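*Asks:* The structure follows.
FYI, it's all coordinate maths here, none of it is from the lab. A quick note: this is a predicted structure, and the numbers were derived from the prediction, not measured. Backbone-built Cβ (ideal geometry, glycine too); neighbour counts: all protein chains shown.
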Amino acid sequence: MRCRGNVIHRIKEYLNGQQIKNCDDGSSIMEIHIVEKEQWWIGVVLSQGKEVEIIEPEHIKEILQHCDRS
């Protein structure tokens, strides 16, 4: 996922995110490990708004897009 601003710290704290790359625009590429059957992580990610962008995997992007429309 790509994170911007204070969201970087929240993803580290709430989802045990690992920063794997700092980008020139000030954002960071982060990696999280989730249990897909548990739903709480969806709320955490969606609550960060446009400051978080899921890059991959595609099926996780689809899950979040579906939830965001609901």
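*Asks:* Using Cα-Cα distances under 8 Å and only pairs 6 or more residues apart, what relative contact order does the chain have, in percent?
*Replies:* Across the chain, relative contact order equals 35 percent.
*Asks:* For the chain, what is the mean residue ellipticity at 222 nm derived from helices alone (per DSSP H run of n ≥ 4: -39500 (n - 2.57); sum divided by total residues; nearest 500 deg cm²/dmol)?
*Replies:* Computed mean residue ellipticity for the chain: -11500 deg cm²/dmol.
*Asks:* Can you pull out the GluC sites (Glu not before Pro) in region 40-70 whose DSSP state is coil and whose Cβ has at most 11 other Cβ atoms within 10 Å?
*Replies:* Listed in order of number, the matching sites amount to none.
*Asks:* Follow-up question, since we're still on this one. Rounded to the nearest 10 degrees, what's the angle between the helix 58-69 long axis and the longest principal axis of the chain, both from Cα atoms, 0 to 90?
*Replies:* With rounding to tens, the tilt is 70 degrees.
*Asks:* Now for a separate question. If you filter region 19-67 for trypsin sites (Lys or Arg not before Pro), then keep DSSP loop positions with at most 12 other Cβ within 10 Å, what is left?
*Replies:* Answer in residue order: Lys37.
*Asks:* Among [x] -0.64, -1.05; [y] -0.68, -0.89; [z] -0.57, -0.98, only one was calculated for this model; which label is it, if the read-out is log10 I(q)/I(0) by the Debye sum over Cα atoms at q = 0.18, 0.23 Å⁻¹?
*Replies:* From the options [x] -0.64, -1.05; [y] -0.68, -0.89; [z] -0.57, -0.98, the structure gives [x].
*Asks:* Would you list which lysines come within 23 Å of Lys21, measuring only between C-alpha atoms, while excluding same-chain residues fewer than 8 positions from it?
*Replies:* Partners found: Lys12, Lys50, Lys61.
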